[in-house]
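Here the structure is laid out as structure tokens; the discussion comes afterwards.
The values are calculated or read from the model by the stated rules, or taken from the named source; none is laboratory data. Note that the structure is a prediction, hence the values are computed from the model and not measured. Counting neighbours? That spans all protein chains shown, and the Cβs are built from the backbone with ideal geometry, glycine included.
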Amino acid sequence: MIEVLAPAEAVQAAPELAEVFVSAFGAPGYDEDRADAERFATEQLPVHAERDDFKLVAARSDGRIVGFAYGFTGQRGQWWPDRVAAAVPAELPTSGSVVTSRSWSSPSRSRRSAKGSGPP
């Protein structure tokens with residue numbers, strides 16, 4: 001089952017999302033550990049949940065979250081939008097905002113996606 005979680009519901013589900021995070025990114029090549037998953041759940045996710053247009057979609061199997069993706073509209077002055085803006089050639093117009101998304105899934109359920117790392 002796929003469901004959209006409101007920001008408060010996403011933050012409430014943070015411990016379960018952290019389990020998916022460590023499952024997806026604990027593999028060699030990603031090398032994230034439980035401390036990284038805890039930081040995601042307690043620091044990064046709550047900050048992101050307050051950003052403009054935040055949406056989180058969770059996949060559930062047997063009642064538990066097995067994958068998720070989320071995004072928000074980023075603004076200049078935030079870590080990822082500033083990286084994207086710096087990479088855009090000067091001759092291309094920019095609106096000053098960037099849609100940011102991150103997704104993870106349990107490797108036992110589907111393929112892992114590329115890691116979007118960085119400060120909140």
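Structure values in brief
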item: Set Ala10, Ala49, Ala58, Ala35: member being among the hydrophobic types (A, V, I, L, M, F, W, C), in contact with an Asp or Glu (Cβ under 8 Å, 6 or more places away or on another chain) and either farther than 25 Å from Pro81 by Cβ or modelled with pLDDT of 95 or more (or both); result: Ala58
item: Residue tally, condition more than 10 Å from the chain's Cα centre (by Cα) and part of a strand (DSSP E or B), over the range 59-74; result: 9
item: Members of the range 1-58 found to be in a strand (DSSP E or B) and crowded, with 18+ Cβ neighbours inside 10 Å, listed by number; result: Leu5, Leu56, Ala58
item: Residue in the range 38-46 that is under 11 Å from the mean Cα position of the chain (by Cα) and of a type in the set (D, E, K, R) present; result: no
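Every residue, every condition in (1) in contact with a strand residue (DSSP E or B) (Cβ under 9 Å, 6 or more places away or on another chain); (2) more than 21 Å from Ala6 (Cα to Cα); (3) aromatic (Phe, Trp, Tyr), yes or no:
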{"residue": "Ala27", "(1), (2), (3)": "no, yes, no"}
{"residue": "Pro46", "(1), (2), (3)": "no, no, no"}
{"residue": "Arg51", "(1), (2), (3)": "yes, no, no"}
{"residue": "Val57", "(1), (2), (3)": "yes, no, no"}
{"residue": "Phe72", "(1), (2), (3)": "yes, no, yes"}
{"residue": "Trp80", "(1), (2), (3)": "yes, yes, yes"}
